[in-house]
Structure formats: structure tokens, C-alpha cells
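Reviewing the structure listed below.
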Amino acid sequence: MIDLRWIRVTTTDNVPPREGRAVWLGDREIAIFNLGDRFLATDNRCPHQGGPLCDGIVTGSSVVCPLHAWKVDLASGSVERPSGAKDHCVASYPTRVEEGIVIVGLPPEAA
């Protein structure tokens, strides 16, 4: 089991349903997504050309990059589209909500 450092990031009200928001945790830019029933977190850069995933369209539990329409699964960080890019991914991070605050778990070296 990996030890995680849990970091309080923002209130749930700051991320509207079906949208994402970028936050900086140290030198790492993380995208927080509100799926309505849960929050998910990934690195904020698309593996294609670094597009800001937080500005993409949330569909189901995925986001479509606003630059070139790469589709990324928010739970795993794997690329769903295009089909030839399945070996690409972004880091995803566990989240939890406590008393209206979104908390993200980062490995100690990333925190």
C-alpha cells in the first residue's frame, strides 16, 4: 500500500457539477472534476500536447481535451480516444470529501 499525503484543496462549491477546475499543489497542476456524485483528480495536462484538461467537456466519467478532443478516463487516467493512443495516460489521484472540502491524496514525493 502506498502512503499518501492528503491535501485539502477546495470547497465542493468551487467546482460546479460536470466541470473541472485547476489547482496548484506545490509545482504540480491538478485538475479537480465534479461528476455530481463524486470528485476525481488528475494531472491537468493532456498527454497529447499539454491541453488543460480542466477546461474540457466532462462526459460520463471522462473528459474531452479542449485542444484536440483526446478523451481521458478520469478514474484511471487512461486515454480512451483516439484508439491509437491507448498507451498514453495522465496521473490520477484518489479524492475524498470531508465536511464540504475536496481532499486529494498525493504520494509524498509529489506533495
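It is to be established whether one or more residues within the stretch 22-33 are in a loop (DSSP other than H, G, I, E, B), at pLDDT 95 or above and not charged (D, E, K, R). No, the stretch 22-33 has no match at all.
Rundown of residues vs (1) under 18 Å from A85 (Cβ atoms); (2) touching a strand residue (DSSP E or B) at 6+ places or on another chain (Cβ under 9 Å), yes/no style:
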site: R21; (1), (2): no, yes
site: W24; (1), (2): no, yes
site: D27; (1), (2): no, no
site: I32; (1), (2): no, yes
site: P47; (1), (2): yes, yes
site: C54; (1), (2): no, yes
site: V58; (1), (2): no, yes
site: V63; (1), (2): yes, yes
site: L67; (1), (2): yes, yes
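Among the residues that make up the stretch 78-95, is at least one of them open to solvent by 70 Å² or more (accessible area, probe 1.4 Å), touching a residue at least 40 places away in the same chain (Cβ under 8 Å), touching a strand residue (DSSP E or B) at 6+ places or on another chain (Cβ under 9 Å) and outside any loop (DSSP other than H, G, I, E, B)? Talk me through it step by step, then tell me what you get.
Within the stretch 78-95, the subset open to solvent by 70 Å² or more (accessible area, probe 1.4 Å) is 81, 83-84, 86-89.
Right, trim to touching a residue at least 40 places away in the same chain (Cβ under 8 Å) and you get 88-89.
Those left that are additionally touching a strand residue (DSSP E or B) at 6+ places or on another chain (Cβ under 9 Å): 88-89.
Next, from what is left, pick out any that are outside any loop (DSSP other than H, G, I, E, B): 89.
Yes: one or more hits.
Residues that are part of a strand (DSSP E or B), open to solvent by 30 Å² or more (accessible area, probe 1.4 Å) and not basic (K, R): does the stretch 36-46 have at least one? First the steps, then the outcome.
If we filter the stretch 36-46 for residues that are part of a strand (DSSP E or B), which is where we start, we get 39-43, 45.
Now drop any that are not open to solvent by 30 Å² or more (accessible area, probe 1.4 Å), which leaves 43, 45.
If we keep only those that are not basic (K, R) too, we end up with 43.
Within the stretch 36-46, one or more residues are part of a strand (DSSP E or B), open to solvent by 30 Å² or more (accessible area, probe 1.4 Å) and not basic (K, R).
Considered as a group, the residues in the stretch 56-77 that are open to solvent by less than 50 Å² (accessible area, probe 1.4 Å), outside any strand (DSSP E or B) and among the small types (G, A, S) include one that is farthest from T11 (Cα to Cα), and that residue is A69. All of (1) within 23 Å of H88 (Cα to Cα); (2) in a strand (DSSP E or B); (3) more than 14 Å from the chain's Cα centre (by Cα) hold for W6 with one exception: (1).
Among residues of the stretch 5-16 that are aromatic (F, W, Y), those with a beta-carbon under 7 Å from a residue that is modelled with pLDDT of 95 or more at least six positions away or on a different chain give the pairs W6/I103; W6/G105.
The values are calculated or read from the model by the stated rules, or taken from the named source; none is laboratory data. Here the structure is a predicted model, which means the values were calculated and not measured. We place every Cβ from the backbone using ideal geometry, glycine too, and count neighbours over all the protein chains shown. Note: areas computed on protein heavy atoms with side chains; ligands, DNA, RNA excluded. Shrake-Rupley method; radii C 1.70, N 1.55, O 1.52, S 1.80 Å.
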